[in-house]
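Trainee: Take this structure, written in structure tokens, and hold onto it; I'll ask about it next.
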Amino acid sequence: MRKLFSIFIILILLSLTAGISFARNGALPNKVAIDADQAIGLLKEGNQRFVKGSSVYPNQTSHQRKVLALQGQHPFATVVSGADSRVDPVLIFDRGLGDLFTVRTAGNVAGTDTLASVEYSMITLETPLLIVMGHTRNSVIKAAVEKIPVKGYLVQLVGKLNPSIKMTKVLYPSLKGDELVDKVTETNVRQVMRDILGSCPGVLEKVRSGKAQVMGAIYDTDTGAIRWLGP
């Protein structure tokens, strides 16, 4: 009896120690349900670590990989962003395997593949938070703004940026060069948010019912910091 009691105490201490470890390194126990506000908090904390150069790289162990293989994925946020090699949401937010469901396309536009991926993550995987994240110095948007000729499938992709370009020029007629490109990037973030909510009724219903939140953001490729645009 005493032996069983001792084992019980040891198990409790181990569980408490594990909880402290998760708190210190930013890792989350698998299948921990968190809401949108908690998810935003984790992303903000992770980005602060990234900017300071003090990333802890949570949930990137071989154990986490095995757990995910057996139990499946339960990401706490969906991030729609550009496919730029300088813009990796997992690194920018200092997260790990299974934490973020990322949807990335050149120019950060909302084509059918993007919409389908968002529906899958928000409805099937039930992520409580959707982030649409643009970034500064976007070369695809710059090409679209400056009307640089493109070929192949890029023609269709660049065409999706035209509404944001036109709107930005109307609202900010004095902007030129890189300032104009960055402002178009911001306008495009808001356009993609509208496209998703307007084209994905299931996602819109989750947002309206309070089961999920949508947030816009801009990643600064110079500083590494996120500027939050709000819903």
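The values are calculated or read from the model by the stated rules, or taken from the named source; none is laboratory data. Just so it is clear, the model here is predicted, and its values are computed rather than measured. Here Cβ is always computed from backbone atoms with ideal geometry, including for glycine, and neighbour counts include all displayed protein chains. Please note that ligands, DNA and RNA were not included when accessible areas were found on the heavy atoms of the full protein model with its side chains. Shrake-Rupley method; radii C 1.70, N 1.55, O 1.52, S 1.80 Å.
Trainee: Could you order 183, 44 so the one with the most accessible surface comes first? Probe is 1.4 Å.
Mentor: Numbers: 183 50, 44 90 Å².
Sorted descending by solvent-accessible area, the residues read 44, 183.
Trainee: Pull up all non-local amide H partners of residue 83: gap of 5 or more, or a different chain, and H-to-H distance under 5 Å with H placed in the peptide plane.
Mentor: 105, 106, 107, 108
Trainee: Right, something else. Over the Cα atoms of region 191-231, compute the convex hull volume and normalise it per residue, giving Å³.
Mentor: Numbers: hull volume 3.0 nm³, N = 41.
Convex hull volume per residue, Cα atoms: 73 Å³.
Trainee: Separate question: Hey, what angle do you get for helix 36-52 against the long axis of the chain, alpha-carbon based, 0 to 90 degrees rounded to 10?
Mentor: 80
Trainee: How charged is the neighbourhood of residue 226? Take every other residue with its Cβ under 10 Å from the Cβ of residue 226, and add Lys/Arg as +1 and Asp/Glu as -1.
Mentor: Working: positive: 44, 227; negative: 220.
Summing Lys and Arg as +1 and Asp and Glu as -1 gives +1.
Trainee: On to the next question. In the full protein assembly as shown, how much of residue 104 is accessible to a 1.4 Å probe, in Å² to the nearest 10?
Mentor: Rounded to the nearest 10, that gives 80 Å².
Trainee: Compute the relative contact order of region 126-186 as a whole-number percentage, counting only Cα pairs closer than 8 Å that sit 6 or more residues apart in sequence. Walk me through the numbers on the way to the answer.
Mentor: Details: 34 pairs, mean separation 30.6, N = 61.
Relative contact order here is 50 percent.
Trainee: Kindly write out, for region 111-125 in residue order, the coupling ³J(HN,Hα) from the Karplus curve 6.51 cos²θ - 1.76 cosθ + 1.60 (θ = phi - 60°), rounded to whole Hz, with x marking Gly and Pro.
Mentor: Per-residue couplings from phi come out as x, 4, 5, 5, 4, 5, 5, 5, 4, 4, 6, 7, 9, 6, 7 Hz.
Trainee: Kindly provide the helix-only [θ] at 222 nm of the chain, computed as the sum of -39,500 (n - 2.57) over DSSP H runs of four or more divided by all residues, to the nearest 500 deg cm²/dmol?
Mentor: -15500 deg cm²/dmol
Trainee: Separate question: Averaging over all projection directions, find the projected area of the Cα convex hull of region 131-175 and quote it in nm² with one decimal place.
Mentor: Numbers: hull surface 15.3 nm².
Projected over every direction and averaged, the Cα hull of region 131-175 covers 3.8 nm².
Trainee: Can you compute 3J(HN,Hα) from phi for each residue in region 67-80, using the Karplus curve 6.51 cos²θ - 1.76 cosθ + 1.60 with θ = phi - 60°, rounded to whole Hz and x for Gly and Pro?
Mentor: Along region 67-80, the couplings run 4, 5, 5, 7, 9, x, 9, 9, x, 9, 7, 10, 10, 9 Hz.
Trainee: Hey, another quick one. Using a 1.4 Å probe and ignoring any ligands, DNA or RNA, find the accessible area of residue 81 and quote it in Å² to the nearest 10.
Mentor: That residue has around 0 Å² of solvent-accessible surface.
Trainee: Structure shown: which of 147/183; 44/169; 142/169; 52/176; 44/142 lie over 22 Å apart, alpha-carbon to alpha-carbon? Working shown, then result.
Mentor: Values: 147/183 16 Å; 44/169 31 Å; 142/169 14 Å; 52/176 32 Å; 44/142 28 Å.
In this structure, 44/169; 52/176; 44/142 exceed 22 Å between Cα atoms.
Trainee: Under 8 Å for C-alpha pairs, at least 6 residues apart: give me the relative contact order for the chain, rounded to a whole percent. If you can, show how the numbers build up before the last one.
Mentor: Values: 326 pairs, mean separation 46.9, N = 231.
Value for the chain: 20 percent.
Trainee: Tell me, what does the Kirkwood hydrodynamic radius of the chain come to in angstroms if you use every pair of distinct C-alpha atoms? Write down the numbers at each step before the final one.
Mentor: Numbers: mean 1/r = 0.0523 Å⁻¹.
Taking every pair of different Cα atoms in the chain, averaging 1/r and inverting gives 19.1 Å.
Trainee: Using a 1.4 angstrom probe and counting only protein chains, how large is the accessible area of residue 196 in Å², to 10?
Mentor: Approximately 0 Å² of residue 196 is accessible to the 1.4 Å probe.
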